[in-house]
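Here is the structure we will look at, set down as structure tokens.
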Amino acid sequence: MAQQHLARALKPEHIQQLLLSCLEAKKSAYCPYSHFPVGAALLTREGRIFLGCNVENACYPLGICAERTAIQKAISEGYKDFKAIAIASDLQDDFISPCGACRQVMREFGTDWAVYMTKPDGTYVVNTVEELLPASFGPKDLQKFQ
């Protein structure tokens, strides 16, 4: 149900722009170890799109995913209210899905925004952050301890 609501929430041209943008972002990926490029395009409520790609490091834990790169770029420019994010990879058989760390970072900025997970053929599925990270821990939960 939420998927249908989210699909209608964005105009088709905005969805198409996000899908094309995440493919463009994927081209900048720095992935010499995994050879698994990922791109993300983050849409703010104000209509700005921020691109992100995965950036690996020889010390593996220091790498960063495309989704977090896009979110950090938006935050550094003063944007904290997001409408949608689209993710692209070269994964053929499955839709690319954000990792747990990315889901938690997305959750920091709300649960009711769309995550478009794509395949190289242009197909996608969409879920809310809430659907990807149910029963999550967020900023309001910290207030319970004050």
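The values are calculated or read from the model by the stated rules, or taken from the named source; none is laboratory data. Please read all numbers here as calculations on a predicted model, not as lab measurements. Glycine gets a Cβ as well: all are built from the backbone with ideal geometry, and neighbour counts include every protein chain shown. These accessible areas exclude ligands, DNA and RNA; they are computed on the full protein's heavy atoms, side chains included. Shrake-Rupley method; radii C 1.70, N 1.55, O 1.52, S 1.80 Å.
Exactly one residue among 47, 63, 78, 100 is open to solvent by 10 Å² or more (accessible area, probe 1.4 Å), within 27 Å of residue 139 (Cα to Cα) and in contact with an Asp or Glu (Cβ under 6 Å, 6 or more places away or on another chain), and that residue is 63.
All told, residue 88 meets the bar of being crowded, with 22+ Cβ neighbours inside 10 Å, closer than 17 Å to residue 28 by Cβ and in contact with a helix residue (DSSP H, G or I) (Cβ under 8 Å, 6 or more places away or on another chain).
In the range 8-33, which residues are open to solvent by 60 Å² or more (accessible area, probe 1.4 Å) and among the polar types (S, T, N, Q)? 16, 17, 28 - these are the residues of the range 8-33 that are open to solvent by 60 Å² or more (accessible area, probe 1.4 Å) and among the polar types (S, T, N, Q). Against the definition (among the hydrophobic types (A, V, I, L, M, F, W, C), closer than 21 Å to residue 121 by Cα and touching a strand residue (DSSP E or B) at 6+ places or on another chain (Cβ under 6 Å)), how does residue 49 come out, yes or no? So residue 49 does not fit the description; no. On the stretch given as the range 112-146, residues that are touching a helix residue (DSSP H, G or I) at 6+ places or on another chain (Cβ under 9 Å), among the polar types (S, T, N, Q) and at pLDDT below 95 total 1. Could you check, for the range 111-122, whether at least one of its residues is out of contact with any Leu (no Cβ under 8 Å at 6 or more places or on another chain), open to solvent by 40 Å² or more (accessible area, probe 1.4 Å) and among the hydrophobic types (A, V, I, L, M, F, W, C)? So far as the range 111-122 goes, no, none of its residues is out of contact with any Leu (no Cβ under 8 Å at 6 or more places or on another chain), open to solvent by 40 Å² or more (accessible area, probe 1.4 Å) and among the hydrophobic types (A, V, I, L, M, F, W, C). What about residue 77, is it in contact with a Lys or Arg (Cβ under 9 Å, 6 or more places away or on another chain) and of a type outside the set (Gly, Ala, Ser)? The answer is yes for residue 77. Out of (1) of a type in the set (A, V, I, L, M); (2) in contact (Cβ under 8 Å) with a residue 24 or more places away in the chain; (3) farther than 21 Å from residue 133 by Cα, the odd one out for residue 20 is which? Looking at each condition in turn, residue 20 falls short on (2). Scanning the range 1-19 for residues that are modelled with pLDDT of 95 or more and over 14 Å from the mean Cα position of the chain (by Cα) yields a count of 2.
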